[in-house]
Amino acid sequence: MVAPVVVFAIGNPSRGDDALGPELAARIAAAAPAGVEVVADFQLQIEHALDLEGRALAVFVDAGAGGAAPYELSDVGPAEDFRHTTHALSPAAVLATFVRCTGRRPPAARVLVVRGESFELGAPLSAAAARNLEAAWPCLSELCGAAAPPHAVPAASSGRSGGGTTSS
C-alpha cells in the first residue's frame, strides 16, 4: 500500500544551510507519522514523478536563499519549466512529468522553502537556518498529520534531529 503523503526533502547536507531539507526529512522519518513516506535526495529528478503515484499530497521541502524568513509555504501545480537537461527539476516540473507520463492529475502539492543564509561546501548549518528549521518544523509536522488518514497519529514537535530517510 502506498502512503497517501509523500515528503520530498531536497538538499545537500555537505553544503551548510542546504541541509535544511534533509534535516526536516530526518525529523519526519523519526516521528514516523502513519501514512507518510519520506524521499530524500540532493535534487529533484524526472524519476521522482513515479513517487507521486497513488498519493493524496506531495510536500516538497527545500532550503532557499531569497525568500522570507523563517519559511514560505505555497501551493504548486504542474508547469512545463524543463531546462536543457533533466537534472534538478522544480516541483512544478516533477508534477508536469507525472501528468505527461500518466495522463492523470497529480496529487495536491505544497512547497515548503526554509530560509537559508550560507551554502558553502563543508559548512555546518548556520544559527539563522537552525532557528528557521525550528520554526518550519511545526508547519511540516501539521501538513503531514493533517493529510494523513484519520487513524494516523499526528507527528509531535520533539525538537530532535536524526533518524533515517528513504532515498530514491
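The values are calculated or read from the model by the stated rules, or taken from the named source; none is laboratory data. All values reported here derive from a predicted model rather than from experimental measurement. Note: ideal-geometry Cβ built from the backbone for every residue, glycine included; neighbour counts use all protein chains shown.
Modelled with pLDDT under 95, part of a loop (DSSP other than H, G, I, E, B) and surrounded by fewer than 19 Cβ atoms within 10 Å (Cβ to Cβ) - does that describe any residue in the stretch 140-148?
no
Could you check how many residues of the stretch 1-30 are in contact with a Lys or Arg (Cβ under 9 Å, 6 or more places away or on another chain) and either under 14 Å from LEU143 (Cβ atoms) or basic (Lys, Arg) (or both)?
5
Filter the stretch 129-139 down to the residues that are hydrophobic (A, V, I, L, M, F, W, C) and surrounded by fewer than 21 Cβ atoms within 10 Å (Cβ to Cβ), then identify the one that is nearest to the chain's Cα centre (by Cα).
CYS139
So VAL113 ticks every box in (1) at pLDDT 75 or above; (2) exposed (fewer than 13 other Cβ atoms within 10 Å of the Cβ); (3) in contact with a Gly (Cβ under 9 Å, 6 or more places away or on another chain) but one. Which box is left unticked?
So VAL113 meets the others, but not (2).
Please state which one of VAL5, VAL39 is surrounded by 24 or more Cβ atoms within 10 Å (Cβ to Cβ) and either touching a residue at least 24 places away in the same chain (Cβ under 8 Å) or touching a helix residue (DSSP H, G or I) at 6+ places or on another chain (Cβ under 6 Å) (or both).
VAL5
Quick check on the stretch 51-71: of everything there that is farther than 14 Å from LEU112 by Cβ and touching a residue at least 60 places away in the same chain (Cβ under 8 Å), which residue is surrounded by the most Cβ atoms within 10 Å (Cβ to Cβ)?
Across the stretch 51-71, the extreme among qualifying residues is ASP51.
Check the stretch 117-128 and report whether any residue there is over 29 Å from GLY77 (Cα atoms), modelled with pLDDT of 95 or more, more than 15 Å from the chain's Cα centre (by Cα) and in a helix (DSSP H, G or I).
Yes, the stretch 117-128 contains at least one residue that is over 29 Å from GLY77 (Cα atoms), modelled with pLDDT of 95 or more, more than 15 Å from the chain's Cα centre (by Cα) and in a helix (DSSP H, G or I).
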